[in-house]
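A short write-up of the structure that comes next.
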Amino acid sequence: MSDTAPRCGYVAIVGRPNVGKSTLLNHILGQKLAITSRKPQTTRHTLLGIKTDGDVQAIYVDTPGLHKENDKALNRFMNKSASQTLRDVDVVLFVVDRMRWTDEDELVWNKVRHLERPVILVVNKVDRLDDKKDMLPHLEWLTQQLPNAEVVPVSALHGRNIDHLQAVIAGLLPEGEHFYPEDQLTDRSSRFLAAELVREKVMRQLGAEIPYQVAVEIEQFKQEGKVLHIHALILVEREGQKKIIIGDGGERMKKIGQEARLDMQKLFGSKIMLNLWVKVRRGWSDDERALNSLGYRFD
């Protein structure tokens, strides 16, 4: 029996696109859960990552990056999803990128600076600085912007200072019984995670060739003996995008499938039989009904 009272609470991870929020979550969990790429707006859904360590259960909420684009239904969904999360959590991690400060950082700052809950300013990617002393004036400036926030420099990619960050978070969580079993990692279904892994590989393969009108729908998810059969549909908005994803002689599609299958085998602990198709569904990213059918809930 422990002498300390259990602690449990929700921790939002917020920031502009591409500052390393999902990489940070994966490193804290010690397992790949959230998909990552160098492309902004990779994360589209809020995703719970549950870390139980003894008496402390921190329930991390990985959010889409807050951004200024609001022209399409998908962009509005992501901004709304990230903003709503801030209302219901116990601690906020505001992630920024080293010495960079953009208009989109300002957008996040305006949402967190008046919150009546603890905010930790997580300065990520500090491993990329040649001389850490160069950062001191910027850290001082950040402290002035959020005077009540604790500033914690980290490298999410290399796991530097992550233990200290988790200790700071633990000290801010409220006392209370744990909400989830200690071995539960997320609230999301295996089907959702499979779809996200396929989408990650599409984004990593395509670089700047296709905009973000790509979604993945799982049509079959069935365990037969030692083999998990997954059929996934990759949705695009134009015929030209379909051809780009398939690639010459189907080579690009084959590579997407190979890489997704390897990650799925690690995540699900099973042999994977993965079948992929590409289908054109015009205008899905600006159609709230189509987005709802793909799991993007606006209510």
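Throughout, read-outs are computed from the coordinates displayed, never taken from laboratory work. Because the structure is a prediction, the values reported are computed rather than measured. Because the Cβ atoms are built from the backbone with ideal geometry, glycine has one as well, and the counts that use them run over all protein chains shown.
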Place a point 7 Å from the Cα of Asp88 in the direction of its beta carbon; the residues of the stretch 117-158 whose amide N falls under 17 Å from it are none
Here the FRET efficiency for Leu136 versus Ile244, based on Cβ atoms and R0 = 41 Å and rounded to 0.05, is 0.35
Expected vector for the stretch 110-117, Karplus 3J(HN,Hα) from phi with 6.51, -1.76, 1.60 and θ = phi - 60°, integer Hz, x for Gly and Pro, equals 5, 8, 9, 5, 9, 5, 9, 8
Links exceeding 29 Å between C-alpha atoms in this model, out of Lys125/Lys266; Lys32/Lys222; Lys125/Lys222; Lys125/Lys242; Lys32/Lys255, come to Lys125/Lys222; Lys125/Lys242
Expected sort for 147-153, 218-224, 49-55 on mean C-beta neighbours within 10 Å, highest first, is 49-55, 147-153, 218-224
